[in-house]
Amino acid sequence: MTQYRVLPGPEHFLPPAAASMGIYLPNPGEAHINGVIVPEEKAYEEAARQFLMAQVPTIFPGPLVLWAWNEKAAKKAAAVRKLYEILKECVQPGQKPMLIPMPDYRPKYPKINPEVEINPNHPNLTIWHNKIDCCMFIGVHCHQANLSLKIIRGGTSCYTVAMCAQAGHEDAMLSFRDASVEKILKLGEWIRKLKGTVKPRLTTAKTSASN
Amino acid sequence: MSKERIKISPDLYDIMPSDYQDLVQSATYGKEDRGWKDIGTSKELIEQHSLCAGCPESMAFRYILASLPNPEDTVMVGSTGCTSLVFPMVAVHNIHSLFGNQNAIASGLKRALSVRFPDRVKDVVVLAGDGATVDIGLDMTLQAWFRQEKFTTICFDNELYANTGGQESGLMQKGFVAKMAPVGKLFDKVRLPEIARESGCHYVVNCTVSKPSLVEKVIRNSVLIAREIGPTYIQLYTPCILEIGKNSMEGLQEMRDSEKPTERFAYKEYVSEPAKQFLAELAAKDKERKAAAKQLAGKA
């Protein structure tokens, strides 16, 4: 059993892939928190708690839900929007939920506009700019999500959640697997359930800038 | 990315950056008569780019992307060089190959697309610099032509390795002294258009990008001939203004000077017999289509 834990960074310039440190993926019905396999129910509660604690809880939808490839993708997009609306309802004054798309995987030169998008090749720019301290990836192809989650862990202190439609992500601090409309909405229910019971981590501008 | 096939999820439409919304709403995907005249009036398939101010390569990119007959079903294969900095900004599927590998990648890609999509027309267009096409990738370039692979090869000829500071390339003109080639080129510019013709290309053009309507015609012909008959090769002069000591505003004039009848980029075209026949049939069909459209408009 590995002693390594997937924790908010900044870990260091080149953080190891969590898989190479002995972290493995959950089986169906399970999730992982910091690399420890847990029942899925526990992960809903923890993800909701992290969102409600964060100063800038943010959802990053990727191309698999941004584009209506099929009916299922459009339904997932609607669920993502619903989750964002729930988050806005449930946060306290001073918290600023955001919904920022990842429309393209290609590196953008000469610059990215971090206010309106995130790019997997330099996700830290969007996180730093908006002072994001908790984020969730959804609808991002696995390879790009892994790359991005590792960069975030390496260079920022942001807590990362992956709502993965496949087998999950070791490099996220919390990862679901087999994401579906029902699972996205269930996370929304947990956020509603914990509303008012979690103290937000409201920090000064100076400390949050150290993200 | 045909707009009939690709739609933004309605619930997340408002958060998509405006570039992507515009691509769906006002790009020229699926438009039969698309061309350089759409530039400035509809969403272009390239807007920002990371090239130097006034770089003729950026003009070439604009004209080529506006002229592709079937951009939603086209895959471009790029290579190392200034062009590889632009591809992330291009709204056409594209692949970055290893330096010089581009025609080998394109060969496999074209064959795979034919197997995967037997009922759909898929075009493959290679776009690489002179270093990738003539020096490092000459083997792959020629072998693709020998095998009669059905795709277009476009070479952006700036006559040196501009991206790395100005080293000598095979397409550099004899006697030219570059920043990193102080002795001056000792032998003649490689005559790749002639080699292309002898290697089996059915349509070969050597020109500059000073005239957008000419670029449009050349690109359209080359893609359509490659689709139906066999390999085509286009060599476009896109001078590196920095490496030849020009200012941002002087790129266009440099191209005009280089395309005079006695100069090395005077317009040269080779069309094989099957390609000639194909173009004639195409022109006849086009005429028919336009006449029918005119008649229909008259009735309306």
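The values are calculated or read from the model by the stated rules, or taken from the named source; none is laboratory data. Because the structure is a prediction, the values reported are computed rather than measured. With ideal geometry, Cβ positions are generated from the backbone for all residues, glycine too; neighbour counts draw on all protein chains shown. Keep in mind that these areas ignore ligands, DNA and RNA; they rest on the heavy atoms of the full protein, side chains included. Shrake-Rupley method; radii C 1.70, N 1.55, O 1.52, S 1.80 Å.
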Which three lengths, in whole Å and largest first, does segment A:1-44 cover when its Cα atoms are put on their principal axes? 33, 19, 15
Reduced to Cα centres, the span from segment B:60-92 to segment A:1-47 in Å works out to 40 Å
So if I restrict to the alpha-carbon atoms in segment B:234-290, what is the Rg, and what is Dmax, the biggest pairwise distance, in Å? 17.4, 49
From the P(r) of segment B:34-299, could you give the percentage of C-alpha pairs in the tail past 31 Å? 22 percent
If N is the number of residues in segment A:1-112, what value comes out of its Cα radius of gyration divided by 2.2 N^0.38 Å? 1.27
Give me a single rounded figure for B:12-23: the average over its residues of other chain Cβ atoms within 10 Å of their Cβ. 5
Ignoring ligands, DNA and RNA, what percent of the 1.4 Å accessible area of segment B:34-299 is carbon and sulfur? 57 percent
Span from the segment A:70-105 Cα centroid across to the segment A:123-166 one, whole angstrom: 15 Å
With only alpha-carbon atoms counted, please give the Rg and Dmax of segment B:142-228, in Å. 15.2, 45
Cβ-based charge dipole, segment B:1-112, positive-most Cα from B:Leu23, B:Ser107, B:Gly81: B:Ser107
Please report the antiparallel percentage of DSSP beta bridges with both residues in chain A, rounded to the nearest 5. 30 percent
When the helix-only estimate is applied to chain A (DSSP H runs of n ≥ 4, each -39,500 (n - 2.57), divided by the residue count), what is the mean residue ellipticity at 222 nm, nearest 500 deg cm²/dmol? -11000 deg cm²/dmol
Peptide A:68-78 - average C-beta neighbours from other chains (10 Å radius): 3
How well do other chains shield peptide B:135-143, expressed as the mean number of their Cβ atoms within 10 Å of each residue Cβ? 0
Rounded, prolate or oblate: which one fits segment B:28-157, using the alpha carbon gyration tensor with axes a ≥ b ≥ c (rounded when a/c is under 1.5, else prolate when a/b beats b/c, else oblate)? oblate
Charged-residue dipole, Cβ positions (Lys, Arg, Asp, Glu), segment B:78-192 about Cα centre, Debye nearest 20: 280 debye
Taking one equal scatterer on every alpha-carbon of segment A:54-145, how large is log10 of I(q)/I(0) by Debye at q = 0.11, 0.14, 0.18 1/Å? -0.31, -0.50, -0.81
Thinking of the protein assembly as shown as a set of Cα atoms, what percent of all their pairs are more than 31 Å apart? 53 percent
Just want the answer: with Cβ charges of +1 for Lys and Arg and -1 for Asp and Glu, which residue in B:Gly165, B:Ser67, B:Ser9 is farthest toward the dipole's positive end in chain B? B:Ser67
For chain A, what does the relative contact order come out to in percent, with C-alpha contacts under 8 Å and a separation of six or more? 31 percent
In Å², nearest 10: area of B:Asp188 left accessible to a 1.4 Å probe: 90 Å²
Please give the per residue volume of the convex hull enclosing the alpha carbon atoms of segment A:46-202, rounded to a whole number of Å³. 97 Å³
List the residues, sorted by chain then number, that are 5 or more residues from B:Ile8 or on another chain and whose placed amide H is less than 5 Å from its amide H. A:Ala68
In whole angstrom, the spacing between the Cα centers of segment B:115-191 and segment B:232-275 equals 14 Å
Please report, ordered by residue number, every helix of chain B (full DSSP H runs) that is 27 Å or longer along its axis going by C-alpha atoms and whose mean Kyte-Doolittle hydropathy reaches 0.5. none
Along the positive direction of the dipole of the protein assembly as shown (beta-carbon charges: Lys, Arg +1; Asp, Glu -1; about the Cα centre), which of A:Tyr4, A:Phe137, B:Thr152 reaches farthest? A:Phe137
Find the accessible area per residue for the protein assembly as shown; the probe is 1.4 Å, ligands and nucleic acids are left out, and the unit is Å². 45 Å²
Please identify every one of the chymotrypsin sites (Phe, Trp or Tyr not before Pro) in segment B:151-193 that sits in a loop by DSSP and has no more than 10 other beta carbons within 10 Å of its own beta carbon. B:Phe187
Tell me: how much accessible area in total is hidden between A and B, 1.4 Å probe, Å², nearest 100? 1900 Å²
For segment B:34-299, what's the relative contact order in percent, using C-alpha pairs closer than 8 Å and at least 6 residues apart? 18 percent
Which value, in debye to the nearest 20, gives the size of the charge dipole of segment A:46-202 about its Cα centre, when Lys and Arg are +1 and Asp and Glu are -1 at the Cβ? 280 debye
